[in-house]
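Enquirer: The structure that follows is given in the form of structure tokens.
The values are calculated or read from the model by the stated rules, or taken from the named source; none is laboratory data. Note that the structure is a prediction, hence the values are computed from the model and not measured. Note that we place each Cβ from the backbone using ideal geometry, even for glycine, and neighbour counts take in every protein chain shown. In case anyone asks, the SASA skips ligands and DNA or RNA and just uses the protein heavy atoms, side chains included. Shrake-Rupley method; radii C 1.70, N 1.55, O 1.52, S 1.80 Å.
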Amino acid sequence: MDSVKPLIELEPDDDGRIRRTGNVLTASIHIITVVVGAGVLALAWAMAQLGWIAGIGSIITFSAISVFTYSLVADCYRYPDPVTGQRNYTYMQAVKAYLGGTMHVLCGLVQYTKLAGITVGYTITSSTSLVAIRKAICFHRAGNAASCKFSNNPFMIGFGILQIFLSQIPNFHELTWLSTAAAITSFGYVFIGSGLCLSIVLSGKGAATSITGTKLPVEDKLLKVFTAMGNIGLACTYATVIYDIMDTLKSHPAENKQMKRANVLGLTAMTILFLLCSGLGYAAFGDNTPGNILTGFTEPFWLVALGNGCIVIHMIGAYQVMGQPFFRIVEMGANMVWPHSDFINKEYPLMMGNVMVRFNLFRLVWRTIFVILATILAMVMPFFSEVLSLLGAIGFGPLVVFFPIQMHIAQKQIRKLSLRWCCLQFITSLGFIVSVTAVIGSIHGIIQDFNKTHLFMSKQ
């Protein structure tokens with residue numbers, strides 16, 4: 001029997017690929033790793049805008065909707081049968097299989113617009129954290145009365161230069177080490193931020209809070225609430241990688257059943273973490289809760305610097321994790337339009353010491369231009385909460401609510417205007433309303449911030 005076991009383990013899966021060995025626990029860990037990101041640090045600000053009742057209620061509601069719709073997505077991993085059908089390896093492939101070419105194109109536009117936009121958000125986040133490190137050191141040396149305001153621009157430029165070099169790595173799989181480091185550091189800064197907030201609350205120095213949140217004129221309050229909804233939506237989104245996670249699961253029991261359990265476990269842990277971070281942040285800072293809770297601390301400066309350093313490391317890796325799929329789709333399109341162009345397709349070998357590397361002229365030019373444009377855009381609007389909210393608004397309604405529900409209706413052939421169909425479309429409408437209002441709120445916030453600062457002259 002011992003001699004047979006290795007042969008069984010080497011048998012390929014039903015699609016001819018290496019046998020998958022993932023399970024519910026590993027999938028849950030992947031989900032938690034994906035959702036624990038910079039968006040979590042903005043949830044305290046969102047809680048401050050909404051207040052205790054609406055804030056807690058919104059996080060739980062978003063999580064409940066996510067559990068439901070991601071379970072529908074899990075059923076669409078295979079087509080047409082959720083257990084025995086052909087695998088869909090990407091979210092877009094599933095949309096094409098169930099909803100057709102037009103929806104496939106629409107899904108691609110939403111997904112890749114969000115991926116491109118996230119690189120701008122990550123540039124802003126990293127520069128904000130680097131400035132926070134410099135401010136913490138400045139206050140530590142000169143005292144809290146010192147004037148410690150610094151421009152984000154030098155840090156954005158430095159971050160952009162680093163990303164230009166990393167972007168030349170041709171293969172996404174070669175970035176595994178960077179992605180792993182990013183995942184580890186994401187937990188580091190979330191727990192440091194929450195711990196610092198907890199220390200303020202336990203010391204009795206927490207700020208006043210209320211069940212309705214910040215006191216503002218009605219119009220401003222409403223727009224801030226819309227923006228807060230976008231922040232929560234961004235934090236709950238992992239639709240772009242859900243099929244990558246499912247593609248690691250073993251076939252027995254069925255992948256959709258395992259993924260549904262993983263969704264419940266992962267999103268439950270996510271909800272507890274979100275409530276912890278947002279609640280502690282709001283309790284510590286009250287109406288003055290910053291967009292990124294770590295930027296609200298200056299002491300102990302070494303711990304603040306460590307937490308913000310973890311954010312920067314995470315952003316370096318996350319930029320490439322999100323940017324590489326966007327780079328790849330553009331390069332695939334260029335290859336299809338100009339299949340015989342040496343500029344686009346030819347790889348040139350280059351010796352760097354004892355290492356052979358290959359570079360491509362189109363990849364060098366196009367990816368460099370993209371990173372430069374993303375950096376300039378971040379310098380033009382370095383507004384943390386509003387930009388993250390806009391990205392959340394773009395992704396939540398279409399990717400977390402609309403496409404999963406429409407695929408489910410097509411898969412189960414639910415009769416139009418039936419009670420079940422109407423209930424599902426009602427949830428779709430709610431997702432659409434949340435996305436539209438979050439877009440309105442975040443764009444209004446960006447415009448307001450523009451009016452308060454001079455172009456390329458923002459300091460914090």
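Enquirer: Does T84 satisfy being open to solvent by 10 Å² or more (accessible area, probe 1.4 Å) and at pLDDT 85 or above?
Expert: yes
Enquirer: Now a separate question. Filter the range 246-264 down to the residues that are modelled with pLDDT of 90 or more, over 20 Å from the mean Cα position of the chain (by Cα) and among the polar types (S, T, N, Q) and list them by number.
Expert: N256, Q258
Enquirer: Considering only the range 351-374, how many residues are touching a residue at least 60 places away in the same chain (Cβ under 8 Å) and not charged (D, E, K, R)? Give the derivation first.
Expert: Filtering the range 351-374 for residues touching a residue at least 60 places away in the same chain (Cβ under 8 Å) gives 358-360, 363-364, 367-368, 370-372, 374.
Subsequent filtering for residues that are not charged (D, E, K, R) retains 359-360, 364, 368, 370-372, 374.
Going through the range 351-374 one residue at a time, the tally reaches 8.
Conditions tested, residue by residue: (1) modelled with pLDDT of 85 or more; (2) within 20 Å of S389 (Cα to Cα).
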residue: T102; (1), (2): yes, no
residue: L106; (1), (2): yes, no
residue: Y112; (1), (2): yes, yes
residue: L115; (1), (2): no, yes
residue: A142; (1), (2): no, no
residue: A146; (1), (2): no, no
residue: S151; (1), (2): yes, no
residue: G160; (1), (2): yes, no
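Enquirer: Which numbered condition trips up N308, out of (1) within 30 Å of F450 (Cα to Cα); (2) open to solvent by 20 Å² or more (accessible area, probe 1.4 Å)?
Expert: Result: N308 passes all but (2).
Enquirer: Would you check if I169 is modelled with pLDDT of 85 or more and either in contact with a helix residue (DSSP H, G or I) (Cβ under 9 Å, 6 or more places away or on another chain) or part of a helix (DSSP H, G or I) (or both)?
Expert: So I169 fails the test.
Enquirer: Still on this structure, please answer the following. Please pick out the residue among E255, E299 that is among the charged types (D, E, K, R) and in contact with a strand residue (DSSP E or B) (Cβ under 7 Å, 6 or more places away or on another chain).
Expert: Result: E255 is the single residue among E255, E299 that is among the charged types (D, E, K, R) and in contact with a strand residue (DSSP E or B) (Cβ under 7 Å, 6 or more places away or on another chain).
Enquirer: Is it the case that some residue within the range 265-288 is more than 30 Å from D13 (Cβ to Cβ), hydroxyl-bearing (S, T, Y), modelled with pLDDT of 85 or more and open to solvent by less than 10 Å² (accessible area, probe 1.4 Å)?
Expert: Scanning the range 265-288, I find at least one residue that is more than 30 Å from D13 (Cβ to Cβ), hydroxyl-bearing (S, T, Y), modelled with pLDDT of 85 or more and open to solvent by less than 10 Å² (accessible area, probe 1.4 Å), so the answer is yes.
Enquirer: Return yes or no: is Y91 of a type in the set (F, W, Y) and open to solvent by 20 Å² or more (accessible area, probe 1.4 Å)?
Expert: no
Enquirer: Among the residues of the range 387-422, write down those that are among the β-branched types (V, I, T) and either touching a Lys or Arg at 6+ places or on another chain (Cβ under 7 Å) or farther than 15 Å from F62 by Cβ (or both).
Expert: Here is the first cut: in the range 387-422, the ones among the β-branched types (V, I, T) are 387, 394, 400-401, 405, 409, 414.
V387, I394, I405, I409, I414, listed by residue number.
Enquirer: Which of (1) out of contact with any Ser or Thr (no Cβ under 8 Å at 6 or more places or on another chain); (2) open to solvent by 30 Å² or more (accessible area, probe 1.4 Å) is the odd one out, the single condition H30 does not satisfy?
Expert: So the condition that H30 fails would be (1).
Enquirer: Looking only at the range 183-206, count how many residues are open to solvent by 40 Å² or more (accessible area, probe 1.4 Å), not charged (D, E, K, R) and not in a helix (DSSP H, G or I).
Expert: The qualifying residues number 2.
Enquirer: Checking R415 against (1) at pLDDT below 90; (2) open to solvent by 20 Å² or more (accessible area, probe 1.4 Å): exactly one of these is not met. Which one?
Expert: If we test R415 against (1) at pLDDT below 90; (2) open to solvent by 20 Å² or more (accessible area, probe 1.4 Å), just (1) comes out false.
Enquirer: Condition (residue is free of Cβ contacts under 8 Å to residues at least 12 places away in the same chain and β-branched (V, I, T)) applied to the range 386-407: is it met by at least one residue?
Expert: Taking every residue of the range 386-407 in turn, none turns out to be free of Cβ contacts under 8 Å to residues at least 12 places away in the same chain and β-branched (V, I, T).
Enquirer: Which pairs have Cβ atoms under 9 Å, sit 6 or more apart or on different chains, and link a residue in the range 311-329 that is crowded, with 20+ Cβ neighbours inside 10 Å to one that is among the charged types (D, E, K, R) and part of a helix (DSSP H, G or I)?
Expert: Filtered contacts from the range 311-329: G323/R367; F327/R363; F327/R367.
Enquirer: Also, I was wondering about something else. Under 7 Å between Cβ atoms, at least 6 apart or on separate chains: pull out the pairs that start in the range 335-350 with a residue that is closer than 17 Å to V365 by Cα and end on any residue that is small (G, A, S).
Expert: That search, which allows pairs on different chains as well, returns I344/A334.
Enquirer: Sticking with this one: Might you let me know whether the range 258-276 holds any residue that is among the charged types (D, E, K, R) and touching a strand residue (DSSP E or B) at 6+ places or on another chain (Cβ under 9 Å)?
Expert: The answer is no, given that none of the residues of the range 258-276 is among the charged types (D, E, K, R) and touching a strand residue (DSSP E or B) at 6+ places or on another chain (Cβ under 9 Å).
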